[in-house]
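K.L.:
Sharing a structure, written as structure tokens. Questions coming.
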Amino acid sequence: MSKLISANFSRLFKSFIFKLYMAFSCGLSAFVALMRYIDVKKNWEAYKELSAEYRCVDGIAFVGAIYLLFAVAVFVGIFIGADYSDGTIRNKMMVGHTRTEIYFSNLLVCTVANAMALLLNIIVMLTLGGILCGIAALTVKSVLLTMLYMLLAFTALTAIALAVSMLIQSKAAGSVTLLIMAIVLFCATLTIDNKLRAPEYYEGKMYLDEETGEIIEGETTKNPNYLTGTKRKVYEFFNDVLPSSQFYRLALQEDTSHVRMVVGDLAIIALFTGMGITVFRKKDLK
């Protein structure tokens with residue numbers, strides 16, 4: 001098993017897609033930090049009316065995770081797909097490695113690669129953004145805790161992506177499938193967030209009574225689309241459990257149920273890893 005893991009890491013560090021992945025992660029952070037710096041300089045009068053977090057790196061420190069959702073899908077699809085297209089998986093089995101060992105070694109390598117991309121993204125953002133925009137209220141503790149929660153969510157996403165990739169032998173088909181999955185997850189996250197943010201009541205509009213000259217405030221009306229009861233609890237559950245929703249909320253540094261988040265991630269990792277191994281064991285490798 002150790003030789004298999006060592007060989008996988010050796011292939012990872014030589015892989016062009018891995019190097020491109022790391023470059024994208026760094027470039028993304030640098031671009032976002034630079035755009036915030038330019039925007040603050042251009043619209044300083046507006047920014048100085050807001051709290052310091054808006055014009056410093058605090059507000060954008062973790063936003064890269066949202067976009068890395070798509071990079072994870074592309075990387076895992078191509079990296080694992082190459083294992084099939086190059087015949088590497090069959091070679092590993094011929095020298096005595098079991099399918100379970102192959103699956104877990106791929107999970108470990110992909111998890112480490114995705115964790116490296118995330119950490120690199122955050123470090124570059126905090127370093128460059130801190131130099132350009134400054135840091136207002138972020139503490140070492142808050143940064144480390146957020147990074148830990150994001151790493152766990154990334155591991156859950158990796159487990160999902162690997163389960164899909166290990167079942168699709170075509171590198172192109174696997175990558176496209178995972179990219180579509182990432183888009184669906186992102187759209188689901190935005191939909192859930194919009195539904196939960198919808199106000200319970202709409203404030204009445206104010207208007208001027210032309211006869212009396214008085215300003216009259218309209219009646220407050222209830223929002224018919226406001227989620228209540230069981231339906232709202234279901235949306236809140238998926239908002240805490242879906243890895244994409246976790247990235248979104250952690251990036252925005254919003255309050256969330258960390259206990260439900262951790263339990264959900266662990267459940268996703270166990271479920272998809274178990275399903276992936278079970279199906280992979282029975283898969284006919286062409």
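K.L.:
Taking amide H atoms as placed 1.01 Å from N in the peptide plane, list the residues 5 or more away in sequence, or in a different chain, whose amide H sits under 5 Å from that of Ala136.
P.N.:
Placed amide hydrogens put Val57, Asp58 under 5 Å from Ala136.
K.L.:
Now a separate question. Counting only other residues whose beta carbon sits under 14 Å from that of Val57, what net charge do I get with K and R as +1, D and E as -1?
P.N.:
Charge balance in the 14 Å sphere: -1.
K.L.:
Once the Cα atoms of helix 99-133 and of the chain are each reduced to a long axis, what angle between those two axes, in degrees from 0 to 90 to the nearest 10, is obtained?
P.N.:
The answer is roughly 40 degrees.
K.L.:
Met35 to Asn91: extension gain in nm, 0.36 nm per residue of separation minus the Cα-Cα distance?
P.N.:
Here the segment from Met35 to Asn91 would lengthen by 15.4 nm.
K.L.:
Further, regarding this structure: Would you tell me the accessible area of Met1, worked out with a 1.4 angstrom probe on the heavy atoms of the protein chains, in Å² to the nearest 10?
P.N.:
Counting only protein heavy atoms, Met1 exposes about 90 Å² to solvent.
K.L.:
Let me ask something additional. What distance in nm lies between label points placed 7 Å from Cα along the C-beta direction at Phe70 and Thr230?
P.N.:
It works out to 3.7 nm between the two label points.
K.L.:
Here's something else I'd like to know. Which lysines, on any chain, are close to Lys3 with Cα under 26 Å apart, when same-chain ones fewer than 8 places away are left out?
P.N.:
List returned: Lys14, Lys19, Lys92, Lys171, Lys282, Lys283, Lys286.
K.L.:
By how many degrees, between 0 and 90 and to the nearest 10, does the Cα long axis of helix 258-282 differ from the longest principal axis of the chain?
P.N.:
Computed tilt is about 30 degrees.
K.L.:
Given an 8 Å cut-off on Cα distances and at least 6 residues of separation, report the relative contact order of the chain as a percent.
P.N.:
For the chain, the relative contact order is 26 percent.
The values are calculated or read from the model by the stated rules, or taken from the named source; none is laboratory data. Not measured: the values here are computed from a predicted model. Note: ideal-geometry Cβ built from the backbone for every residue, glycine included; neighbour counts use all protein chains shown. Just the protein is used for accessible areas: all its heavy atoms, side chains included, with ligands, DNA and RNA removed. Shrake-Rupley method; radii C 1.70, N 1.55, O 1.52, S 1.80 Å.
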